[in-house]
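A.B. asks: This structure is in structure tokens; I'll ask about it shortly.
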């Protein structure tokens with residue numbers, strides 16, 4: 001059976017933690033999709049952020065998530081809103097695995113009835129998150145590829 005995985009994110013910015021997750025998935029899967037969500041928390045467009053990913057992972061398949069729901073949370077209503085949107089984006093893809101480092105991974109995988117693959121949930125391998133980078137870019141620049149650092153707009 002073909003193993004088809006996917007992940008979701010804003011990649012605002014793309015950092016070494018994201019890269020670790022993507023590299024893990026690409027080693028384990030036959031095919032891998034990355035859903036890049038729109039956001040206004042940074043000035044880089046969805047296309048710019050997707051280009052960062054494509055520069056490093058040309059075999060990854062990108063799905064753009066424009067006009068995504070703004071309601072987030074792990075409550076049933078928020079999960080259903082997000083999953084209805086996400087289900088439309090991936091409707092023709094026979095996904096078997098969902099990759100994340102977040103608590104919502106269980107919700108996504110459960111909703112889709114696929115395997116939930118958690119990667120470095122405790123962030124021990126790569127101790128960073130995008131929020132920390134946005135809060136102190138200079139201190140955390142070591143977690144960014146040089147081209148991402150140069151193109152990143154807060």
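Any read-out appearing in this document is the output of simple, stated calculations on the displayed coordinates, not a laboratory observation. These numbers come from a predicted model, not from an experiment. All Cβ positions, glycine included, derive from the backbone under ideal geometry; neighbour counts span all protein chains shown.
A.B. asks: Could you check residue 52 against (1) surrounded by fewer than 19 Cβ atoms within 10 Å (Cβ to Cβ); (2) under 24 Å from residue 149 (Cβ atoms); (3) more than 11 Å from the chain's Cα centre (by Cα) and say which number it fails?
C.D. replies: (1)
A.B. asks: Of all residues in segment 23-34, how many are touching a residue at least 60 places away in the same chain (Cβ under 8 Å) and within 20 Å of residue 45 (Cα to Cα)?
C.D. replies: Residues that pass the stated criteria total 1.
A.B. asks: Within segment 109-131, work out how many residues are in a loop (DSSP other than H, G, I, E, B) and touching a strand residue (DSSP E or B) at 6+ places or on another chain (Cβ under 9 Å).
C.D. replies: 3
A.B. asks: Now, a different point. If you check every pair at least six apart or on different chains, which have Cβ atoms under 6 Å apart with a residue in segment 39-63 that is under 14 Å from residue 13 (Cα atoms) first and a residue that is part of a helix (DSSP H, G or I) second?
C.D. replies: As it stands, the answer is 52/148, since those pairs meet every condition given.
A.B. asks: So residue 134 passes all but one of these: (1) in contact (Cβ under 8 Å) with a residue 40 or more places away in the chain; (2) assigned to a helix (DSSP H, G or I); (3) out of contact with any strand residue (DSSP E or B) (no Cβ under 7 Å at 6 or more places or on another chain); (4) closer than 27 Å to residue 28 by Cα. Which condition number does it fail?
C.D. replies: For residue 134, the exception is condition (4).
A.B. asks: Test of understanding: among 152, 66, which residue is more than 21 Å from residue 23 (Cα to Cα) and loosely packed, with under 14 Cβ neighbours inside 10 Å?
C.D. replies: Matching residue, one of 152, 66: 66.
A.B. asks: Can you work out which of the residues in segment 15-36 that are touching a strand residue (DSSP E or B) at 6+ places or on another chain (Cβ under 9 Å) and closer than 17 Å to residue 123 by Cβ is surrounded by the most Cβ atoms within 10 Å (Cβ to Cβ)?
C.D. replies: In this case the residue turns out to be 18.
A.B. asks: Let me spell it out: the conditions are (1) assigned to a loop (DSSP other than H, G, I, E, B); (2) without any contact (Cβ under 8 Å) to a residue 12 or more places away in the chain; (3) touching a strand residue (DSSP E or B) at 6+ places or on another chain (Cβ under 7 Å), and residue 106 meets all of them except one. Which number is the exception?
C.D. replies: Of (1) assigned to a loop (DSSP other than H, G, I, E, B); (2) without any contact (Cβ under 8 Å) to a residue 12 or more places away in the chain; (3) touching a strand residue (DSSP E or B) at 6+ places or on another chain (Cβ under 7 Å), only one is false for residue 106: (1).
Conditions tested, residue by residue: (1) in contact with a strand residue (DSSP E or B) (Cβ under 6 Å, 6 or more places away or on another chain); (2) buried (at least 20 other Cβ atoms within 10 Å of the Cβ); (3) not in a strand (DSSP E or B).
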residue	(1), (2), (3)
5	yes, yes, no
13	no, yes, yes
43	no, no, yes
74	no, no, yes
77	no, no, yes
82	no, yes, yes
92	no, no, yes
102	no, no, yes
